[in-house]
Amino acid sequence: MTTEGPIRSAGRNALRVAVFGAGAFGGWTAYALARGGARVTLFDAWGPGHARASSGGETRVIRATYGSHSVYTAMAARALDLWRAHEARWQRRLIRHIGALWMFGSPGDARFVAASGEALAAHGLALDRLTSSEAARRFPQVSFDGILEILFEPQAGYLLARRACEHVVECLMAEGGEYRLGAAESPVRVEGSSVRAVRLVTGEMVEADCFVFACGPWLGSLFPETLGNLLSVTRQEVFYFGTPAGDDRFTDERMPVWIDFRDRVMYGVPGNAHRGFKIADDTTGPIFDPTSGDRDASAAGIAAARAFVADRFPALSNAPLVGSEVCQYESTPDSNYIIDRHPEAANLWIAGGGSGHGYKMGPAIGEMISSLVLDGGQPPPLFALERFAAPPVGGWKQKWS
Ligand SMILES: Cc1cc2nc3c(=O)[nH]c(=O)nc-3n(C[C@H](O)[C@H](O)[C@H](O)COP(=O)(O)OP(=O)(O)OC[C@H]3O[C@@H](n4cnc5c(N)ncnc54)[C@H](O)[C@@H]3O)c2cc1C
């Protein structure tokens, strides 16, 4: 594979694949490729699930409720099956099925609710409608003021995000793949219709038959001509509030994941390695540099999170802020992922554009890319780069529309 000597072989004539990026997209892709018989080397510039990676948080929500975007419901249902199957296979708990509470504040949200219910039912997944009094009885720690529609998605929950990234890499190595700390040089040089080698920042050349770049928010700088204008990397703040001592109302024993659409999209996850009650605003933040951007929370963000907590979770009105993180979304114009060959080089794949909702899909994305690389075929048009050739009439549709 590399000029530095052979890698452990998964088969004498196996395809040599170099995967760059050990986040949710690249880690699962490398693992699926190794299971499919490829000779895989996975590189990451800083390590799987590191603090600057988009996959690097404690937790990420897994849900299949996607309104009318039924492709994503199908993909989430497949991902859910794969997470469960791998948990069983690895004897490792990475997913917590605590359900998701959806709260909507406008009558117009009914369309999203109805479309979601139909899409979930097609995959045997439940989405229960709760009346205000049922919801208040079940979740007395939540104030449902201003909420008109309430749904509960029982099979949803959360994933142990950064820990799963590390674990997937360990499992890749157990399958005969190799993991190396190493960064591809930016920009990646694509000359001719097939790439034979990629240069690392150390000057070393990595040779392979096929390359997969799953470098999350760094993809735009690696491929400025192809992706530079397509991926916007934005600053997203996450807050952890301290709960009262000995109080289990805000733990994952009593509280599901929740998503609140009343004024803007706010969401949260209980159970974060006991780091606190997690709250985040899904609104797209300012443009951010994932390598050198400052990761201290802003005073305005803290104040807004405090006000929201006091309103929605009155028992946490005076809760102290015990931690914060700044992560980033790498969003495409239509919030759909990018999974496609490089337009000039058929043996170079690009996977990314998670747009704030990609983590849960890792196993399904890995399976899809592995099949495309090993068996050939075309990616679903929804993920193809060609869709950006002309903006659709009426503009791009966003993820919650
Ligand atoms: C605050 C926040 C909350 C989110 N919540 C959810 C959620 O609840 N549910 C959900 O499904 N999704 C959620 N997401 C989105 C999800 O986390 C991302 O879509 C997903 O993690 C993207 O994974 P990735 O592998 O594409 O990118 P990353 O995780 O960023 O991985 C890319 C990797 O590439 C490596 N890399 C970069 N450059 C190079 C190079 N030159 N050479 C080698 N390696 C390189 C990096 O070091 C990094 O490890 C959230 C995101 C954020 C920020």
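We did not get these values from a lab; they are worked out from the coordinates using the rules stated. In this text, all values refer to a predicted model and were calculated from it rather than measured experimentally. In this analysis, Cβ positions are derived from the backbone assuming ideal geometry, glycine residues included, and neighbour counts consider all displayed protein chains.
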Inset, instruction - Note the angle between two axes, namely the Cα long axis of helix 362-375 and the longest principal axis of the Cα atoms of the chain, as a number of degrees from 0 to 90, rounded to the nearest 10. - result: 30 degrees
Legend entry - Centre separation in Å (Cα based) which lies between segment 195-224 and segment 311-336: 32 Å
Legend entry - Least to most buried among S331, S143 (fewest other Cβ within 10 Å first): S143, S331
Inset, instruction - Report the relative contact order of segment 233-318, percent, no decimals, based on alpha-carbon pairs under 8 angstrom and at least 6 residues apart. - result: 32 percent
Legend entry - Rounded tilt (10° steps) of 299-312 against the dominant C-alpha axis of the chain: 50 degrees
Inset, instruction - Would you please give the FRET efficiency between A346 and R199, computed as 1/(1 + (r/R0)^6) with r the Cβ-Cβ distance and R0 = 25 Å, to the nearest 0.05? - result: 0.80
Inset, instruction - Compute the distance in nm between two label points, each set 7 Å from the Cα along the Cα-to-Cβ direction, one at S186 and one at D247. - result: 4.3 nm
Inset, instruction - Go through segment 258-266 residue by residue and turn each phi into a ³J(HN,Hα) via Karplus (6.51, -1.76, 1.60, θ = phi - 60°); whole Hz please, and just put x for glycine and proline. - result: 9, 9, 10, 9, 4, 9, 8, 8, 10
Inset, instruction - Could you line up C165, C215 from fewest to most neighbouring Cβ atoms inside 10 Å? - result: C165, C215
Legend entry - Relative contact order [Cα under 8 Å, 6+ residues apart], segment 72-212, whole percent: 23 percent
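Report the FRET efficiency, 1/(1 + (r/R0)^6), for Q378 and A85, where r is their Cβ-Cβ distance and R0 is 35 Å, rounded to 0.05.
Calculated value: 0.85.
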Legend entry - Compactness of the chain as Cα Rg over 2.2 N^0.38 Å, two decimals: 0.99
Inset, instruction - Would you kindly state how much longer the chain becomes between R275 and N318 on full extension, computed as 0.36 nm times their sequence separation minus their alpha carbon distance, in nm to one decimal? - result: 13.8 nm
Legend entry - Neighbour-count order for D252, D296, fewest beta carbons within 10 angstrom listed first: D296, D252
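Expressed in nm to one decimal, what extension gain is obtained for the pair T283 and H97 from 0.36 nm per residue of sequence separation less their Cα-Cα distance? Mind dumping the intermediate values first?
Working: separation 186, 0.36 × 186 = 66.96 nm, distance 2.56 nm.
So the extension gain works out to 64.4 nm.
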Legend entry - Crossing angle, helix 70-90 versus the chain [Cα axis fit, 0-90 degrees, rounded to tens]: 80 degrees
Inset, instruction - Would you mind calculating the gained length between R111 and E134 on full extension (0.36 nm times residue separation, minus the Cα-Cα distance), in nm to one decimal? - result: 6.1 nm
Inset, instruction - Could you work out the relative contact order of the chain, using alpha carbon pairs under 8 angstrom and six or more residues apart, expressed as a whole percent? - result: 23 percent
